[in-house]
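Undergrad: The structure follows.
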């Protein structure tokens, strides 16, 4: 399968713990995005990278959140001191520039439950 | 500001009947608009996109959408529903940049 992959698919953690998620984009895609989706809502943009550079961060990305893409390939999203409000599906997407601009391809997501 | 509003949170249709999922957009200029589908335990999949080339856009799996500027709408339709169409559907826009802005979603149920 050459699509976007995310690991783990599910994570249960206790409040106050740190968690890290990984995203592997489609290999030729130079842009990578993170979104968060809470129950009953559409995904919300968190941040995106072009190669290893983080170009934009949403106000939703508090100081407890950090994302990296050190070699311009896979990316990690870390949440420190998790809170119950962090429980959500974390989605990763990647894209490249085609004839009609960038088209984002999504991974299956990591579902985080904070107890 | 640009946004999209999905008018129905839940739509139920019988198998073999037409599907209509409604979306209105708010934008000060001609937007890029998309429909994505999300099946349980699967990633979001792009159904179709409008980028001003043609007002009637055909997508995958028999879906299509028509951009109507006068009504600020981008409704998704399919002539005949199939059981496999049961999923969550999102109307999406961007601001001419990288961020996708999603509507709240419409859950489509197919009645056998």
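Quick note: the coordinates plus some simple rules give every number you see, no bench work behind them. This one's a predicted model, so the numbers in the text were calculated from it and none came from an experiment. Because the Cβ atoms are built from the backbone with ideal geometry, glycine has one as well, and the counts that use them run over all protein chains shown.
Undergrad: Of the residues B:62, B:43, B:16, which exhibits the maximal mean-square fluctuation in a Gaussian network model of chain B defined by a 10 Å Cα contact cut-off?
TA: B:43
Undergrad: Let me ask something additional. Roughly how crowded by other chains is peptide A:43-55, in terms of the mean Cβ count from those chains within 10 Å of each of its Cβ atoms?
TA: Shielding by partners across A:43-55 averages 2.
Undergrad: On to the next question. To the nearest whole number, what is the average tally of beta carbon atoms from other chains within 10 Å of the beta carbons of peptide A:103-115?
TA: For this peptide, the per-residue mean of nearby foreign Cβ atoms is 3.
Undergrad: Still on this model: Per-residue mean of other chain beta-carbon atoms within 10 angstrom of the beta-carbon, peptide B:31-44?
TA: That works out to 3 on average.
Undergrad: Take every DSSP beta bridge whose two residues both sit in chain A, then give the antiparallel share in percent to the nearest 5.
TA: If I count the DSSP bridges inside chain A, around 90 percent turn out antiparallel.
Undergrad: Another question, if that's okay. If packing is taken as the average number of other Cβ atoms within 10 Å across a peptide's residues, how do A:76-85, B:83-92 rank, most packed first?
TA: B:83-92, A:76-85
Undergrad: Continuing with the same structure: Alpha carbon centre of region A:1-45 versus region B:95-112: separation in Å?
TA: If we compute the Cα centre of each part, the gap is 18 Å.
Undergrad: If you find the alpha carbon centre of region B:1-80 and of region A:90-115, how far apart are they in angstrom?
TA: If you average the Cα positions of each part, the centres end up 19 Å apart.
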